[in-house]
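**Student:** Okay, handing you the structure first.
The values are calculated or read from the model by the stated rules, or taken from the named source; none is laboratory data. These numbers were taken from a predicted model, which means no experiment stands behind them. Cβ placement follows ideal geometry from the backbone for every residue including glycine, while neighbour counts extend to all protein chains displayed.
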Amino acid sequence: MNAIDFYHTMDEHLQSKFELLKSKSLNIDLTRGKPGADQLDLSNELLSINVPSHDDNGVDLRNYGEPLGIRSARKLASELLSSPIELTAVAEQSSLLVTYQTCLALHLKGLEKPLKDVSNPKFICPVPGFDRHFRMLEELGIEIITVPLTGKGIDLNVLREVLDKTDNVMGAIIVPRHSNPSGDVYSDENLINTLEMFKNYSTKMVCIFDHAYLLHDFDKTTYQSATWKLVEEAEMANQAIVISSFSKVTFGAGGISFFAAGKELFDLVNHQRGSMIVAPDKVNQMRHALFFKSVEDVKKHMQEHAKLVKPKFDLVIDKLKSLGDECGSFTIPTGGYFISFNAPKGKAKKIISICKDLGVSLTPAGSTYPGMHDPDDSNIRLAPTFISIEQLEDAVDVFVLAVKIACS
Ligand SMILES: Cc1ncc(COP(=O)(O)O)c(C=O)c1O
């Protein structure tokens with residue numbers, strides 16, 4: 001059935017709602033999890049902050065040097081990650097870049113052997129997940145083994161089965177807090193068990209913790225210990241790296257990124273970084289260290305973000321609740337940037353295409369799975385933060401209608 005025939009077979013009520021929304025000629029982009037302009041305004045002081053030429057230790061911020069970042073920024077980062085300052089570095093504006101540099105370092109050198117010399121190396125990726133993680137692993141020829149998320153972390157029964165029957169699992173990428181897009185906040189128990197399984201599996205595999213949403217609660221969130229502490233307690237520091245950034249704290253792609261890892265891995269990643277970058281942007285690091293003098297400052301700042309972000313999530317959730325159970329299910333996150341909608345099997349592409357016809361762009365179906373292939377054609381990622389509340393209202397009306405049409 002082509003699109004025109006399809007719309008003509010809709011019942012009258014859906015048809016009139018469709019016509020009404022079509023007449024609005026909407027052009028709304030809900031594809032990426034970007035901060036809204038009002039969130040960016042919270043950090044406007046960064047645009048005019050007076051940055052000195054030297055830091056307190058006499059480091060000339062205008063010149064090369066300090067490849068691990070300036071001391072004040074490293075101190076803040078180590079306090080945020082609960083990691084030792086000597087194993088914590090501050091890098092450029094992108095945590096994704098550090099994740100790529102880590103994967104590349106493993107590919108070219110590895111902990112014991114380069115992944116490029118391992119036969120069919122594999123990484124564990126919980127799903128639904130982040131398209132850029134899949135893309136970087138695919139680029140490096142690393143096979144992705146998916147494991148489902150449960151709401152509180154990885155499905156450990158599946159992980160156990162996978163590890164039992166799979167050779168050459170060389171790593172994992174995990175988003176432990178407000179996972180993109182499911183919103184999973186991993187329980188301590190889940191993380192401890194996951195680390196234990198990895199440790200028993202191999203001394204060569206590396207666990208990359210992408211903490212992109214470390215600080216991004218907008219609602220009461222389950223208690224979670226610092227990932228670094230859990231890693232240390234599991235005696236897995238040499239096989240783990242914890243990475244985060246201020247991309248959604250200050251400016252999108254204009255913050256600073258930071259990471260902590262056990263000595264061997266820390267040196268390996270920094271060596272890789274040294275092949276690419278002589279030194280990070282210390283002026284921006286200082287700008288951030290002056291803007292946030294303490295962890296408390298960061299926390300207060302994030303509470304202001306929460307006030308702006310929460311009403312948007314509440315609006316989306318309220319409208320999604322009008323859908324019957326037969327039309328799918330959705331997550332109710334307590335932080336982060338996404339709502340994950342699971343449509344009935346085989347309906348995601350159709351829903352996204354109806355939204356497009358009505359002027360609302362969503363992340364393409366399949367993007368939350370490796371190779372853009374969602375085996376159930378079900379998962380849709382909704383990113384409510386970037387647009388205004390008025391646009392969001394229209395966008396979610398379109399989405400709800402599209403779901404109803406697709407399920408009718
Ligand atoms: C899980 C995850 N990691 C990393 C990033 C990118 O972060 P950065 O801007 O620090 O590279 C995002 C943003 O979309 C994300 O969702």
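**Student:** State whether one or more residues within the range 226-241 are touching a residue at least 60 places away in the same chain (Cβ under 8 Å), within 16 Å of the ligand (Cβ to nearest atom) and not hydrophobic (A, V, I, L, M, F, W, C).
**Tutor:** yes
**Student:** Then there is this: Within the range 262-274, work out how many residues are in contact with a helix residue (DSSP H, G or I) (Cβ under 6 Å, 6 or more places away or on another chain) and closer than 24 Å to residue 64 by Cβ.
**Tutor:** Of the residues in that region, 5 qualify.
**Student:** Continuing with the same structure: Hey, among 47, 30, which residue is free of Cβ contacts under 8 Å to residues at least 40 places away in the same chain and outside the structural domain of residue 256 (by TED's automatic domain parsing)?
**Tutor:** Of the residues listed, the single one that is free of Cβ contacts under 8 Å to residues at least 40 places away in the same chain and outside the structural domain of residue 256 (by TED's automatic domain parsing) is 47.
**Student:** For residue 65, indicate whether it is over 30 Å from residue 122 (Cβ atoms), crowded, with 18+ Cβ neighbours inside 10 Å and not acidic (Asp, Glu).
**Tutor:** Against the criterion (over 30 Å from residue 122 (Cβ atoms), crowded, with 18+ Cβ neighbours inside 10 Å and not acidic (Asp, Glu)), residue 65 does not qualify.
**Student:** Of all residues in the range 256-281, how many are closer than 25 Å to residue 52 by Cβ and touching a Lys or Arg at 6+ places or on another chain (Cβ under 8 Å)?
**Tutor:** Selection size over the range 256-281: 1.
**Student:** Please pick out the residue among 340, 353 that is away from the ligand (no atom under 16 Å from the Cβ) and outside any loop (DSSP other than H, G, I, E, B).
**Tutor:** The conditions single out 353.
**Student:** If you go through the range 298-316 one residue at a time, how many are more than 20 Å from the chain's Cα centre (by Cα) and under 22 Å from residue 251 (Cα atoms)?
**Tutor:** Counting residues in the range 298-316 that are more than 20 Å from the chain's Cα centre (by Cα) and under 22 Å from residue 251 (Cα atoms) gives 4.
**Student:** May I ask you to list the residues in the range 121-144 that are away from the ligand (no atom under 16 Å from the Cβ), touching a residue at least 24 places away in the same chain (Cβ under 8 Å) and touching a Phe, Trp or Tyr at 6+ places or on another chain (Cβ under 8 Å)?
**Tutor:** Of everything in the range 121-144, just one residue is away from the ligand (no atom under 16 Å from the Cβ), touching a residue at least 24 places away in the same chain (Cβ under 8 Å) and touching a Phe, Trp or Tyr at 6+ places or on another chain (Cβ under 8 Å), namely 142.
**Student:** Please determine whether any residue of the range 107-120 is within 29 Å of residue 287 (Cβ to Cβ) and either away from the ligand (no atom under 16 Å from the Cβ) or out of contact with any helix residue (DSSP H, G or I) (no Cβ under 6 Å at 6 or more places or on another chain) (or both).
**Tutor:** no
**Student:** Of all residues in the range 317-337, which are over 15 Å from residue 405 (Cα atoms), under 24 Å from the mean Cα position of the chain (by Cα) and part of a loop (DSSP other than H, G, I, E, B)?
**Tutor:** If the condition is that a residue be over 15 Å from residue 405 (Cα atoms), under 24 Å from the mean Cα position of the chain (by Cα) and part of a loop (DSSP other than H, G, I, E, B), then 331, 332, 333, 334, 336, 337 are the ones that fit.
**Student:** How many residues are among the aromatic types (Phe, Trp, Tyr) and either more than 16 Å from the chain's Cα centre (by Cα) or more than 16 Å from the ligand (Cβ to nearest atom) (or both) if we restrict to the range 212-225?
**Tutor:** Residues that pass the stated criteria total 1.
**Student:** Another question about this same structure. Among the residues in the range 42-60, are any assigned to a helix (DSSP H, G or I) and surrounded by 13 or more Cβ atoms within 10 Å (Cβ to Cβ)?
**Tutor:** Among the residues of the range 42-60, at least one is assigned to a helix (DSSP H, G or I) and surrounded by 13 or more Cβ atoms within 10 Å (Cβ to Cβ), which makes the answer yes.
Condition check ((1) in contact with a Pro (Cβ under 7 Å, 6 or more places away or on another chain); (2) within 16 Å of the ligand (Cβ to nearest atom); (3) closer than 30 Å to residue 283 by Cβ) across all residues:
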site: 9; (1), (2), (3): no, no, no
site: 21; (1), (2), (3): no, no, no
site: 29; (1), (2), (3): no, yes, no
site: 91; (1), (2), (3): yes, yes, yes
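**Student:** Let me confirm something: among 310, 282, 299, which residue is modelled with pLDDT of 95 or more and out of contact with any Asp or Glu (no Cβ under 7 Å at 6 or more places or on another chain)?
**Tutor:** Unique residue meeting the criteria: 299.
**Student:** Just the residues that are of a type outside the set (Asp, Glu) and either over 25 Å from residue 333 (Cβ atoms) or without any contact (Cβ under 8 Å) to a residue 12 or more places away in the chain (or both), please, taken from the range 145-179.
**Tutor:** The answer is 145, 157, 158, 160, 162, 163, 165, 166, 168, 169, 170, 171.
**Student:** Which numbered condition trips up residue 97, out of (1) within 11 Å of the ligand (Cβ to nearest atom); (2) not in a helix (DSSP H, G or I)?
**Tutor:** (2)
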